Amino acid sequence: MLPATLKLCCGISHQPLRSLTGLQQPAVGAFGKEMSKLADNYFQNIPHSLQNLLCTKIGINANPNLEITPMLSSRDMFYLNQIKETLHKAKSMLQQEGWQTEQKNEDWILSKSFPKIGKVFRAEAIIDSPPEHIYTQLFEKLEHIDQWNPNVSKVQILQRIGKNTLLTREVTAQNPAHMVSQRDFVNVQHCCRSGSSLYLIGTEAHSNLMPPQKEMIRAKAKLTCIILRPVEGDRRKTHFTWLLSLDLKGWIPQSITERVLSQSQADFISHLRRHLSSSEKI
């Protein structure tokens, strides 16, 4: 197909055919598609730097649906598809009614059960810090969360997938008050912007970089999505929305699991406020 398309494009360059403008756009479009297929089929074993150079020279984008990044493996594409599905679920959940109040003080902690995923907790808060600053603490400085959140003992970045996606491991701290022993999570996490809102999305991931550890229960993050958007009329404040659904595994009564998850959201927001307040004074 490629030789025939190339001949058609070259033929249009001859003077007698230049006036046939109706052919030009389809021919060039077809040629571009064929070249993209060529890149997919033959560039996989070429070094990333050379891939980008070749694609630039022939005028195609090696990653048309992503920012300029090295070509992604099938496993990396699987992680990105997980994120895409998780974000779609989160947006759909937020549009639904029927959320029940779990806690209400300065902030709101709500919950609602959904088919196939179970109970999802939703935190709503106003935080006195701009969205970009909160994003920096929760994504750019992800590995430092254990320094200000006592419920986390370690956060590791196992792999960077492009610019805005991370494969991470998070280990909870020992907390007898929560009646739940230490857990660890391996997640794929992604950040993106939509209008004035910032999205931080995460879900469980399976990776040989961090198989389950014998001494620790591997828990499962079904869905986590934090949305940061400026408060209307005051961009120095953030409307903070957080959807959370975890499977802690082990032999834990459902009532305790639900109490732990709702309280963990309230605690996290409290620790985040305290950290933001101290970091902004520096």
Segment D267-I157, extension gain: residue separation times 0.36 nm, minus the distance between their alpha carbons: 37.3 nm
What aspartates and glutamates sit close enough to K220 to cross-link, taking a C-alpha to C-alpha distance under 15 Å and skipping anything fewer than 8 places away on the same chain? E170, D184, E204, D247, E258
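What share of Cα pairs, in percent, lie more than 19 angstrom apart in the range 134-205?
Values: 969 of 2556 pairs.
Tail of the P(r) past 19 Å holds 38 percent of the pairs.
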Spin-label model distance (nm) - E124 vs V171, 7 Å beyond Cα toward Cβ: 3.8 nm
Taking R0 as 25 Å, what's the FRET efficiency between H239 and N81 from their Cβ-Cβ distance, rounded to 0.05? 0.30
Check each of the GluC sites (Glu not before Pro) in the range 94-177 and keep only those in coil by DSSP with at most 14 other C-beta atoms within 10 angstrom; list them in order. E97, E106
I'd like the trypsin sites (Lys or Arg not before Pro) in the range 177-248 restricted to DSSP loop residues with at most 13 other Cβ atoms within 10 Å, sorted by number. K214
Amide H contacts under 5 Å for L246, placed H, 5+ residues apart: K222
Count the lysine pairs in the range 79-131 that are 8 or more places apart or on different chains: how many have C-alpha atoms under 20 angstrom apart? 9
Taking only protein heavy atoms and a 1.4 Å probe, the highest-to-lowest accessible-area order of E258, E232 is E232, E258
Loop-located chymotrypsin sites (Phe, Trp or Tyr not before Pro) in the range 212-282 whose Cβ has at most 12 other Cβ within 10 Å (DSSP): W251
Please provide three numbers in whole Å: the alpha-carbon extents of the range 161-282 along the principal axes, with the largest listed first. 49, 36, 30
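The values are calculated or read from the model by the stated rules, or taken from the named source; none is laboratory data. Just so we're clear, the structure is a prediction, and the values are computed from it rather than from any experiment. Quick reminder, even Gly has a Cβ in these numbers, built from the backbone with ideal geometry, and neighbours come from all protein chains shown. We work out accessible area using only protein heavy atoms, side chains counted, and drop any ligands, DNA or RNA first. Shrake-Rupley method; radii C 1.70, N 1.55, O 1.52, S 1.80 Å.
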